[in-house]
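Chemist: Questions regarding the structure given below will be posed in turn.
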Amino acid sequence: MSRRDLANNSISWIPPLMFRNQWRLHILNLQHNCIQTLANSSFYGLPNLRGLDLSWQRISNVSQGAFVGLRSLVGLDLSSNSIKIISSNVLRSASSLEKLVTDEFRFCCLARHVTLCLPPPDEFSSCEDLMSNLVLRVCIWVLGVVATFGNILVIGWRVRFKHTNQVHSFLITNLAIGDLFMGSYLLIIAGVDACYRGVYFIHDSAWRSSDLCHLAGFISTFSSELSVFTLTVITLDRFLVIIFPFRVRRLEMSKTRLLMAGGWVVAGVLSGLPLINIEYFRNFYGRSGVCLALHITPEKPNGWEYSSTVIPSTVPVLNLASFTIIAMGYLWMYVVARTTQQAVKKEQRSSDSAMARRMTLIVATDAACWMPIILLGVLSLWGFTVPPQVTTLSLPPSDRDIARCKTFTVAIDAA
């Protein structure tokens with residue numbers, strides 16, 4: 001007997017060594033049964049088996065030695081299952097395997113020697129760790145720690161010591177709080193990378209659908225929204241005071257508190273909406289391993305319109321608008337300040353140069369932070385596919401961590 005068809009038999013368990021001494025069997029069809037676990041040595045005794053169909057089961061756990069003894073296996077179908085637990089060495093004994101059919105590409109990472117593995121990888125599929133190289137791992141830890149403790153220091157300093165310009169100090173404190181959340185996000189991602197080092201691809205699906213990933217996505221988005229809003233308010237406040245010193249009254253503390261309270265509420269609502277359990281936002285934050293709704297593919301998944309217009313960490317719209325306001329505002333302020341200084345005292349050119357350097361640094365850090373995000377967003381909207389390596393390298397460090405530089409720069413400028 002070279003073929004055995006055991007499909008649709010309500011089989012729920014395969015005892016170890018059940019098929020021992022079945023050396024003549026070449027094809028085994030077990031599809032449409034109720035198997036939940038593949039124990040060690042489930043198929044031992046089938047040295048000449050070439051095809052094994054385990055599709056349409058309820059398999060959730062595959063033991064490391066489940067396929068021991070299948071040295072001639074060429075084709076394996078594990079599709080239409082709900083595999084949650086599987087060993088990284090489970091297919092090592094199937095050295096002759098040429099075709100593997102599963103539900104997720106991550107299982108292909110277990111058998112990199114096969115000629116054909118389905119499904120094919122998509123833009124987010126990878127056999128790498130969450131942080132694919134040592135540079136990224138070191139950077140995310142360093143930036144996360146520096147962002148967390150640096151912003152705690154800024155907040156403590158602003159709270160402890162009184163400043164002449166209380167409104168501006170209050171805005172800087174809010175900016176530091178927003179960036180402190182980003183430091184927490186970075187530490188979460190760094191911790192998950194360390195926890196799953198070497199076996200991340202096995203846990204990729206479970207991680208991206210987890211509550212912690214969704215929380216990390218919320219924190220990241222909330223931080224970006226709040227930081228962008230606060231930076232814009234700081235720029236507009238300084239712009240009105242410098243350009244229209246006698247026409248427009250400066251922000252009062254009571255109005256500033258109301259304005260920032262509104263910013264916190266709006267940021268919280270916009271960041272929390274994707275957590276609502278509706279089809280449009282299905283796994284919104286779980287589209288990538290870093291838990292960001294990255295719109296970097298030509299496809300239009302659920303919620304792509306939202307991520308392309310609202311989420312500042314993923315799209316050009318809010319980033320480009322904010323950067324334009326900040327850049328034009330500081331440029332105008334510099335031109336007015338320089339003109340005024342030349343008209344009053346020519347000996348103040350050294351002060352003029354210092355102001356130019358500070359403003360250039362502010363605009364340059366904004367550009368360095370946002371331009372990669374804007375470019376990736378525009379390319380994706382135009383139908384270009386951005387490689388996941390570029391996304392991993394550009395998005396987590398650039399959009400968030402240069403925000404630490406902006407906090408530092410604006411704080412110096414406000415001093």
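Chemist: Report yes if Arg112 is in a loop (DSSP other than H, G, I, E, B), touching a Cys at 6+ places or on another chain (Cβ under 6 Å) and either at pLDDT 90 or above or of a type outside the set (Asp, Glu) (or both), otherwise no. Before you say what the answer is, go through the steps one by one.
Modeler: Working: in a loop (DSSP other than H, G, I, E, B): yes; touching a Cys at 6+ places or on another chain (Cβ under 6 Å): no; either at pLDDT 90 or above or of a type outside the set (Asp, Glu) (or both): yes.
When the stated conditions are applied, Arg112 does not pass them.
Chemist: Mind telling me which of the residues Val269, Val317 ends up being out of contact with any Cys (no Cβ under 6 Å at 6 or more places or on another chain) and either modelled with pLDDT of 75 or more or not in a helix (DSSP H, G or I) (or both)? It would help to see each step written out before you state the result.
Modeler: Working: Val317 fails: either modelled with pLDDT of 75 or more or not in a helix (DSSP H, G or I) (or both).
Result of the check over Val269, Val317: Val269.
Chemist: What are the pairs, 6+ residues apart or on separate chains, where a residue within the range 13-33 that is at positive phi has its Cβ under 6 Å from a residue that is part of a loop (DSSP other than H, G, I, E, B)?
Modeler: Final answer for the pair search is Leu17/Ser41; Leu17/Tyr44; Asn21/Gly45; His32/Ala7; His32/Asn8; His32/Trp56.
Chemist: A further question on this structure: Test Leu240 against the criterion of being in a helix (DSSP H, G or I), more than 26 Å from Ala190 (Cβ to Cβ) and either of a type in the set (A, V, I, L, M) or in contact with a strand residue (DSSP E or B) (Cβ under 6 Å, 6 or more places away or on another chain) (or both), and give yes or no. Let's see the steps before the verdict.
Modeler: Working: in a helix (DSSP H, G or I): yes; more than 26 Å from Ala190 (Cβ to Cβ): yes; either of a type in the set (A, V, I, L, M) or in contact with a strand residue (DSSP E or B) (Cβ under 6 Å, 6 or more places away or on another chain) (or both): yes.
Criteria met by Leu240.
Chemist: Continuing with this model, one more query. Please indicate, with yes or no, whether at least one residue in the range 152-159 is touching a residue at least 12 places away in the same chain (Cβ under 8 Å), within 25 Å of the chain's Cα centre (by Cα) and outside the structural domain of Asp53 (by TED's automatic domain parsing). If you could, list the steps in order and put the result at the bottom.
Modeler: Restricting attention to the range 152-159, the residues satisfying the condition of being touching a residue at least 12 places away in the same chain (Cβ under 8 Å) are 152, 154-155, 158-159.
Narrowing further to those that are within 25 Å of the chain's Cα centre (by Cα): 152.
With the extra rule that they be outside the structural domain of Asp53 (by TED's automatic domain parsing), the set shrinks to 152.
Looking for residues that are touching a residue at least 12 places away in the same chain (Cβ under 8 Å), within 25 Å of the chain's Cα centre (by Cα) and outside the structural domain of Asp53 (by TED's automatic domain parsing), one finds at least one in the range 152-159, hence yes.
Chemist: State which residue is surrounded by the fewest Cβ atoms within 10 Å (Cβ to Cβ) when the search covers only the range 200-217 and only residues that are hydroxyl-bearing (Ser, Thr, Tyr) and closer than 19 Å to Ser82 by Cβ.
Modeler: Filtering the range 200-217 for residues hydroxyl-bearing (Ser, Thr, Tyr) gives 200, 205, 209-210.
Subsequent filtering for residues that are closer than 19 Å to Ser82 by Cβ retains 205, 209-210.
Working: Ser205: 18, Ser209: 12, Ser210: 15.
Applying the filter and picking the extreme gives Ser209.
Chemist: So, one more: Answer yes if at least one residue in the range 217-234 is of a type in the set (A, V, I, L, M) and within 26 Å of Val138 (Cβ to Cβ), and no otherwise.
Modeler: Looking through the range 217-234, at least one residue is of a type in the set (A, V, I, L, M) and within 26 Å of Val138 (Cβ to Cβ).
Chemist: Next question. Looking only at the range 176-193, which residues are in contact (Cβ under 8 Å) with a residue 24 or more places away in the chain and either among the small types (Gly, Ala, Ser) or on the phi > 0 side of the Ramachandran plot (or both)?
Modeler: Result: Ala176, Gly178, Gly183, Ser184, Ala190.
Quick grid of which residues meet (1) closer than 23 Å to Ala194 by Cα; (2) surrounded by 20 or more Cβ atoms within 10 Å (Cβ to Cβ):
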| residue | (1), (2) |
| --- | --- |
| Gly69 | no, yes |
| Ile85 | yes, no |
| Leu91 | no, yes |
| Phe107 | yes, yes |
| Pro120 | no, no |
| Cys127 | yes, no |
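Chemist: Return yes or no: is Ser271 of a type in the set (S, T, N, Q), touching a Gly at 6+ places or on another chain (Cβ under 9 Å) and under 30 Å from Ser82 (Cα atoms)? Steps first, please.
Modeler: Details: of a type in the set (S, T, N, Q): yes; touching a Gly at 6+ places or on another chain (Cβ under 9 Å): yes; under 30 Å from Ser82 (Cα atoms): no.
Spelling it out, it is not the case that Ser271 is of a type in the set (S, T, N, Q), touching a Gly at 6+ places or on another chain (Cβ under 9 Å) and under 30 Å from Ser82 (Cα atoms).
The values are calculated or read from the model by the stated rules, or taken from the named source; none is laboratory data. Since the model is a prediction, treat every value here as computed from it, not as a measurement. Glycine gets a Cβ as well: all are built from the backbone with ideal geometry, and neighbour counts include every protein chain shown.
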